[in-house]
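The values are calculated or read from the model by the stated rules, or taken from the named source; none is laboratory data. As the structure is a computational prediction, the values presented were derived from the model and not from experiment. Don't worry about glycine lacking a Cβ; one is built from the backbone with ideal geometry, like all the others, and counts go over all protein chains shown.
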Amino acid sequence: MQEEKPFIEEPPIKYGEIFDPEREIQVLLKVPKEERKQKLAEFKEKLTFQKVGLARVQDILINEIRSKPNGKIEDFYDMATEMGAEFGMNETQRKDTKEVLARYEKQHNAIENIRKEFPSDKDLFRALFNKIPKGKIEVVVGPVSLSFKCHDFEDYMAVFFFNRMKGSGKKRDFTDEEREEAMASKGVNVPSLSYPDIGWAIMAENASGVGNFSQSDKESKQIFTHEEQHTIKSFFEKEELLDPNHPSLLFPVRKSFLDAQTEAEKEKILERYFRAFRHNAEEYAKDEILAYYKDGRLSSVYESLAETDGGNYDYLADPKKIDYLWMKTSDEIRALSKRVRDRVLIEEYKEILANGVDSVRKMEAGGYDKEEIIALLTHEPLAKWGKAVGRVLGK
């Protein structure tokens, strides 16, 4: 009896076929109503296939760069587009890939150049942070990172607060509050103001023993993995974060609020305004969830991000403290503002965080590995993780 061959489902996108979701949506809108349901189902199937497939391509590309940090950008691009052809990679996605690789090349070259200029760990520390280190400094150079292991707490604080201190333009001692803030952290990832081409390459580990952390090799590796994930994510960021206090946003909100005739209208305006603040916090929180997941601490990330006491991960601390009642007119309006603020910046935000962590767990249960999950969710807004994961797992 001839052995039966296993049935292999034909992929929804053929090799070499171009799938552009935005263009397909426009075509879909012109399809007769009686055909639209079927066409929509086909569209969703292709979209899911492409998202998961390109997430895997991204994962493979990152590993290739790690193993060949000095490889040719053209070779990386050819590899990515060849694999991407299996998943309908379109022109915009090819362009995005090229831009990501260009950012990598720029940062990688900048790291190599500054390391050649300052081969001594202490000299490199002084060049970047305008400070002669007090204690031992160990530098680990990665393809896209400069990691400083600081054995003196003052040196760690010099990295932790460098951009804040330089931005103020004043030389001063660290405050007790700043010392406590730095003590609460194990590591930090910061951009370089002294050498902008390096971007978000700088990582530091608090190896001073100050703070309630063990100094084991396992924890040191965990800190490196966590902070490196922040650096890698920066290559794939395209969106500029909003500043809801910028006059271009603030003044129209203020005017429309004062012009609103009913409490319901005012409430809607306040919701939009506070959600503009929350948008930034969601981006930072997404970054931390993926970094915690990368280093194996997903179970503790919600508790860290949901704190509301102004800690290191309370990304909404400033918005909650700012007097938003620049638009107040009465006790009723003050109460309305506080009620909407708490609902949007605390209740809704915590729900988004919980759903985000749950989405990661669902993908794990669905059989996806860690790097695939990170690659896929990197490109999705945190508030839409549940929907994106549902679409993938539904298929």
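Here is how the numbers come out for the structure above:
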{"quantity": "Any hit, the stretch 354-367, residues being more than 22 Å from GLN58 (Cα to Cα) and modelled with pLDDT under 90", "calculated": "no"}
{"quantity": "Hits in the stretch 91-130 - residues which are part of a helix (DSSP H, G or I) and among the aromatic types (Phe, Trp, Tyr)", "calculated": "TYR104, PHE125, PHE129"}
{"quantity": "Top-ranked residue of the stretch 81-90 - restricted to ones that are assigned to a helix (DSSP H, G or I) and among the hydrophobic types (A, V, I, L, M, F, W, C), ranked as nearest to TYR195 (Cα to Cα)", "calculated": "MET83"}
{"quantity": "Residues that are in contact with a Lys or Arg (Cβ under 8 Å, 6 or more places away or on another chain), among the aliphatic types (A, V, I, L, M) and touching a residue at least 60 places away in the same chain (Cβ under 8 Å), drawn from the stretch 255-290", "calculated": "LEU270, LEU290"}
{"quantity": "Counted residues, the stretch 38-84 - those being surrounded by fewer than 17 Cβ atoms within 10 Å (Cβ to Cβ), in contact (Cβ under 8 Å) with a residue 40 or more places away in the chain and among the acidic types (Asp, Glu)", "calculated": "1"}
{"quantity": "Filtered residue count, the stretch 176-194, keeping only those that are in contact (Cβ under 8 Å) with a residue 40 or more places away in the chain and closer than 16 Å to GLU154 by Cβ", "calculated": "2"}
{"quantity": "Lone qualifier among PHE87, PHE129 - being in contact (Cβ under 8 Å) with a residue 60 or more places away in the chain, aromatic (Phe, Trp, Tyr) and touching a Gly at 6+ places or on another chain (Cβ under 6 Å)", "calculated": "PHE87"}
{"quantity": "The stretch 365-384, subset more than 15 Å from the chain's Cα centre (by Cα) and surrounded by 14 or more Cβ atoms within 10 Å (Cβ to Cβ), residue nearest to GLY53 (Cα to Cα)", "calculated": "GLU372"}
{"quantity": "Scan of the stretch 49-62 for residues that are under 19 Å from the mean Cα position of the chain (by Cα) and not hydrophobic (A, V, I, L, M, F, W, C), ordered by number", "calculated": "LYS51, ARG56, GLN58, ASP59"}
{"quantity": "Some residue of the stretch 31-48 being closer than 29 Å to LYS294 by Cα, within 25 Å of the chain's Cα centre (by Cα) and not assigned by TED's automatic domain parsing to the domain that holds VAL392", "calculated": "yes"}
{"quantity": "Conditions (1) in contact with a Lys or Arg (Cβ under 6 Å, 6 or more places away or on another chain); (2) assigned to a helix (DSSP H, G or I): number failed by ASP78", "calculated": "(1)"}
{"quantity": "Per-region count, the stretch 91-111, residues crowded, with 19+ Cβ neighbours inside 10 Å and more than 23 Å from the chain's Cα centre (by Cα)", "calculated": "0"}
{"quantity": "Criterion violated by ILE114 - all others in (1) crowded, with 20+ Cβ neighbours inside 10 Å; (2) among the aliphatic types (A, V, I, L, M); (3) closer than 17 Å to SER194 by Cα; (4) touching an Asp or Glu at 6+ places or on another chain (Cβ under 6 Å) satisfied", "calculated": "(4)"}
{"quantity": "Selection from the stretch 90-119 of residues that are touching a residue at least 40 places away in the same chain (Cβ under 8 Å) and of a type in the set (A, V, I, L, M, F, W, C)", "calculated": "VAL100, ALA110, ILE111, ILE114"}
